[in-house]
Structure formats: structure tokens, C-alpha cells
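Below is one structure; the comments refer to it alone.
The values are calculated or read from the model by the stated rules, or taken from the named source; none is laboratory data. These numbers come from a predicted model, not from an experiment. Cβ atoms come from the backbone with ideal geometry, glycine included; neighbour counts cover every protein chain shown. Quick note on the areas: whole protein, heavy atoms, side chains included, nothing else; ligands and nucleic acids left out. Shrake-Rupley method; radii C 1.70, N 1.55, O 1.52, S 1.80 Å.
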Amino acid sequence: MSEQTLTRAAVVTGGSRGIGRAVCTALAKQGVNVVVNYCHGEAAASETVALCKAAGTDAVAVQADVSTAAGCKALFDAAAAAFGRVDILVNNAGITRDNLILRLTEEDFDAVLDANLKGAFLCCKEAARRMVRQRYGRIVNLSSVVALRGNAGQTNYAASKAGLIGLTKSLARELASRNVTVNAVAPGFIETDMTAALPEAVRAEMAKGIPAGRAGSPEDVANVVAFFTAEQSSYLTGQVLCVDGGMAM
Ligand code: NAP
């Protein structure tokens, strides 16, 4: 970053809980000011803000549905109002609507694609405009190992996460000469609300397929996001890094 004295500012979509919360606190520990986006969980977002402030930086919670263009515009307007700039975007917000294809509705397909893929596109568009102008930026997209391996019952989710990899690599090519990096993290099985709903037998079976022998923590993923956003990672773009205890290799 050319203006070394400036405190960097990040927008983390879905920062209220799970991996997003861990990302917010990891960035705060790096001295980054954080916009904690949420959709429904105001109380959880406030807790994340408190955790960031306890780490010594400033943070604000901003409600916005990233699956809509209006929501993304409002999110970035709020970020600009709070910190004057956006240096880091972490597209973390995501949902699942699992079903085998014969039972998967068009509505559930669209809902997952809109939240996971279109939301990332819309936020990237808002961020790119600002980052190109300031000749600096770091974008990290939360994909998944299911984008690489597929998963029965998740055709919608896996398609959205595979789409994010194509988006990541294409945008990395568009923005590299402007000192904006774009990378993706592909988590495996991480302990959050998203996976807590699974029956114990399914969780145990999944753990058997992980060479590390355990599920990951949100912090395991957040550490890698923070690596991609670090100042020292300026020559690293268009990459997809699995954080999965060896699951997808
Ligand atoms: P989670 O615990 O279910 O949290 C999801 C977050 O996304 C919440 O903060 C939620 O906010 C937010 N969100 C959902 N829809 C939104 C929308 N339309 N606009 C704004 N925010 C929205 O999920 P997680 O497990 O931490 O997963 C985080 C990311 O990692 C997701 O993209 C997920 O697909 C990916 N991932 C997770 C795993 C895993 O094993 N957990 C594995 C691979 C990839 P509200 O609560 O306010 O609605």
C-alpha cells in the first residue's frame, strides 16, 4: 500500500457469525477497521463488532442483503461513510438449501446462487470501482471443497461455489495490473451453524474422510483469509487454497 500510514478498512459479508466472525476478528488483530455485514442477526453482528473493538480497531455493523444490488450499494455506501475507503473485501456470506435434484426447487436453486454467487459479483463490482481508483485492494472469496469434488444433495451450492472460482480467476486477471489481488479459500468441513444441523452420524462419517481426523474451526479458515489479505501477499492472485485437513487432495 503506497499510503503506509492509512489504516486499512475491510468489508466482510456475513460477518456476524461462524467463519465470517473469525475473519472479522483476525483482520481486527492485524489492525484493520472492519465493516461487519449481516442479513438477519443484528445481535450476533453487535457481538462481532465488540470482538473487533476489543482487538483494538474500529468496527461497525451494517445490515444488508448482499443478494440484491441495492443491498450491496447500501453496504459500500455505509462502509465509505464509516471509514472513507475499502481496501479489503471478503465475500463470505453464504447459504445452503440442500436437496437431491429431483426434489430441488427452482426457488432454492436461485436463492443459493443469488446469495452465494451473485452477491459476490455485486460486492466485487462495488469494491473494484473503489480499489482500481485507489490502486490497492485485496478480495477473498469463500468457495468450498465441494466446488472441486461435488457433493450429492448440493448441486445448487456446489455450482455457486464453483462459479466463485471462475469469478475469482477472471477478476484476478482483470485487476492484477491495478495492484488488486483476488483469491479464493475453499474450506472443507468447518464447525459452524451451517454444519451443526447435520446429524451426528453424518458428521462422524465426514470426519472419517478427513486425513487430519477432525473438523476445522472458523479460525483455521480465518488465518488463511488473513494471509491472503496481508500486505506481504501482494504478488499472490488468482489462487484457490483448500483449508480442509487434507480432505480434497
Ligand atoms: P453460517 O454460520 O451459516 O453464517 C452465514 C453468514 O452469512 C451469516 O453471518 C449470515 O448472516 C450471512 N448471510 C447469509 N445470507 C446473507 C445475505 N443474503 N446477505 C448478507 N449476509 C448473509 O456460515 P459459515 O459456515 O460461517 O460459512 C461462511 C462461508 O463459508 C459461506 O460462504 C459458506 O458457504 C462457506 N463454507 C463453509 C463451510 C463449513 O463447513 N462451514 C465449508 C465450506 C465453505 P445472518 O445470520 O445475519 O443472516
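If you roll a 1.4 angstrom probe over the protein chains with everything in place, what fraction of the accessible area of the chain belongs to carbon and sulfur, to the nearest %?
54
Report, in degrees rounded to the nearest 10, the 0 to 90 angle that the Cα long axis of helix 119-134 makes with the longest principal axis of the chain.
Roughly 20 degrees between the two axes.
How about residue 53: which lysines have a C-alpha closer than 19 Å to its C-alpha, ignoring those fewer than 8 places off in the same chain?
Qualifying lysines at Cα under 19 Å: 29.
Using a Förster radius of 35 Å, what is the FRET efficiency between residue 40 and residue 205 based on their Cβ-Cβ separation? Nearest 0.05, please.
Computed FRET efficiency for residue 40 and residue 205: 0.70.
I'd like the Kirkwood hydrodynamic radius of the chain, using the inverse of the mean 1/r over distinct C-alpha pairs, in Å.
This gives a value of 17.9 Å.
Less than 24 Å apart at the alpha-carbon level, and either on another chain or at least 8 residues along: which lysines does that give for residue 73?
Straight-distance partners of residue 73: 118, 125, 161, 169.
Using a Förster distance of 25 Å, how high is the FRET efficiency between residue 80 and residue 135, based on the Cβ-Cβ distance and rounded to 0.05?
Efficiency, rounded to the nearest 0.05: 0.90.
Report, in debye and to the nearest 20, how large the dipole of the stretch 68-204 comes out about its Cα centre when Lys and Arg carry +1 and Asp and Glu carry -1 on their Cβ.
Roughly 840 debye for the stretch 68-204.
In whole angstrom, how long is each semi-axis of the equivalent ellipsoid of the stretch 1-122, when you take the square root of 5 times every eigenvalue of its Cα gyration tensor and sort them from largest down?
28, 15, 12
Would you mind computing, in nm to one decimal, how far apart the modelled labels at residue 149 and residue 50 are, each placed 7 Å from Cα along Cα→Cβ?
Label-label distance for residue 149 and residue 50, simple model: 3.7 nm.
Would you kindly calculate the translational diffusion coefficient of the stretch 122-173, applying Stokes-Einstein with the Kirkwood radius from alpha carbon pairs, for 37 °C and a viscosity of 0.692 mPa s, and quote it in µm² s⁻¹ without decimals?
270
Which residues' amide hydrogens lie under 5 Å from the amide hydrogen of residue 59, considering only partners 5 or more residues apart or on another chain, with H built in the peptide plane?
Under 5 Å from the amide H of residue 59: 34.
What longest range of the chain stays clear of loop-exposed trypsin sites (Lys or Arg not before Pro) (DSSP non-H/G/I/E/B, at most 15 other C-beta within 10 angstrom)?
Segment 1-102 is the longest.
In whole Å, how far is the Cα centre of the stretch 175-234 from that of the stretch 63-137?
Measuring centre to centre over Cα atoms gives 18 Å.
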